[in-house]
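The values are calculated or read from the model by the stated rules, or taken from the named source; none is laboratory data. All of these numbers come straight from a predicted model, not from anything done at the bench. Cβ placement follows ideal geometry from the backbone for every residue including glycine, while neighbour counts extend to all protein chains displayed. The area values use the complete protein model at the heavy-atom level, side chains included, leaving out ligands, DNA and RNA. Shrake-Rupley method; radii C 1.70, N 1.55, O 1.52, S 1.80 Å.
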Amino acid sequence: MTAEKVQLALEPTPPPDIWALPGFRDFMVGMVLVTLANQIQGTVVAYQIYELTRDPLSLGAVGLAEALPFVSLALVGGHVADARDRRRISLVVLLVMFAMSLSLLGFTLERGALGAVRHKFAIYAVIVVLGVCRSFLQPARAALNAELLPPSLYAKGIALRTSLFQLGMVSGPAGGGLLYAAIGPQGAYAFAGLLVFTAWYFMFRIPSVRTTPPVKSGMSVAHSIREGFRYLATDRLLLSALLLDMFGVLFGGATALLPVYANEILAVGSRGFGILRGAPAVGALAASVLLASRPPLRRAGPTLLAATTGFGLCIIAFGVSKSFPLSIALLGLSGALDMVSVVVRSTLLQMRVPGRLLGRVASINQIFIGSSNEIGAFESGVAARLLGVIPSVVFGGAMTLFVTGVTGFIAPELRTLGRLDQVSK
């Protein structure tokens, strides 16, 4: 063998073009479309419920209606994702979600015949079904994404996925508010349904590939779920990152009360509500692009704790702000800081969890996220009823600061976490 051939043999093989991998492009397009549809639909539901009730607690109940079935069934969803065809699970769930969009459209067209009370509970019923859908879709989709990529492209895939996910998070709320103002809730629901159906088509295009062995056929659901928990219990670093995210955002989420801020505190109406709802995602998108363009974080743990502290301070400042531009800026900065937590947690999950367990551990992760977002929305509604809207938001931000301080004190693994590209277990 010549010296030139020896040199070529010793050089590492460059990773393939991520967009050329079979199914990855279709997966990403489908994910963006579903995210966009969910955000449009969620924005319209929140504004419609508030118009029907004028009660901030009802906004918290929207989050609870989705969170309870999601949290209750997420572990089963994780087991199913590790035991069955993850692509087929996603296809079935997307069809159910399409039917729910059509149901919201039908209820809105018949709102006069239903009346305000029955219309409200019909919307809540749809939200419950969508919570069930999330419990099966999210772990299946997380595990399917890992199957489409070689390990050498996990980090790049996470950066691209979070960037495009935040693009949907940016466009959806603003689009929902604008659609609500321009063509009413029925037009917005019809558009969201079209997006979901298109996402189903792109998911259908993904080749059926399984690179990890499924759960053993003789293993019970309970034993399978316990296996996921046992693994997470042995990984204190990943566990502490999940707990920080759950409790930090549980108290610091002010999104559920944005209709009250838009209508009564800032007086900017449905258009302003869409802008407020989209502001955190704008900041998150900017942060994800920045993180993707830079080398992996060198001091990921301290950076995560600093970002969570900044998030709590932003929520406190937003709570007392009476300026619409300042409120937008604070929400945008809170989204950027929260994205640091998302990137760290997602990288830890992808790099440290074996593929055969990824669906189950991802479902546990989704419980943490669901607890911090949807149950956090209910907590915000209850606190607003008891304390008032502004004091409840300030209290939530202060609790985020407290949780961050406690976590930094009791979790040395997180406090000393270094480079994100060196986190394999």
- Solvent-accessible heavy-atom area per residue, rounded to whole Å², over the range 119-206 at 1.4 Å: 35
- Task: Could you state how much accessible area residue 352 has, in square angstrom rounded to the nearest 10, with a 1.4 Å probe and all protein chains kept in place?
- Result: 40
- Message: Among 58-64, 46-52, 386-392, how do they line up by average Cβ neighbours within 10 Å per residue, starting with the highest?
- Response: 58-64, 46-52, 386-392
- Message: How big is the range 86-200 along each principal axis, measuring the range of its Cα positions in Å and listing the largest first?
- Response: 56, 27, 20
- Note on the structure: Surrounding charge for residue 92, neighbours by C-beta under 13 angstrom, Lys/Arg +1, Asp/Glu -1, total +4
- Note on the structure: Projected onto the charge dipole of the range 51-135 (unit charges on the beta-carbon of Lys, Arg, Asp and Glu, signs +1, +1, -1, -1), the Cα from 112, 67, 132 with the largest positive-side position is that of 132
- What accessible area per residue, rounded to a whole number of Å², is obtained for the range 258-334 using a probe radius of 1.4 Å? 42
- Quick one: how many Å² of residue 156 are accessible to a 1.4 Å probe, rounded to 10? 110
- The percentage of the accessible area of the range 90-202 (probe 1.4 Å, all protein chains present) made up of carbon and sulfur atoms, to the nearest whole number, is 76
- Task: Using Cα pairs closer than 8 Å and at least 6 residues apart in sequence, work out the relative contact order for the range 37-133, in percent.
- Result: 44
- Per-peptide average of other Cβ atoms within 10 Å, ordering 84-92, 262-270, 125-133 highest first: 125-133, 84-92, 262-270
- Cβ-based net charge around residue 174, under 12 Å, with every Lys or Arg adding one and every Asp or Glu removing one: +2
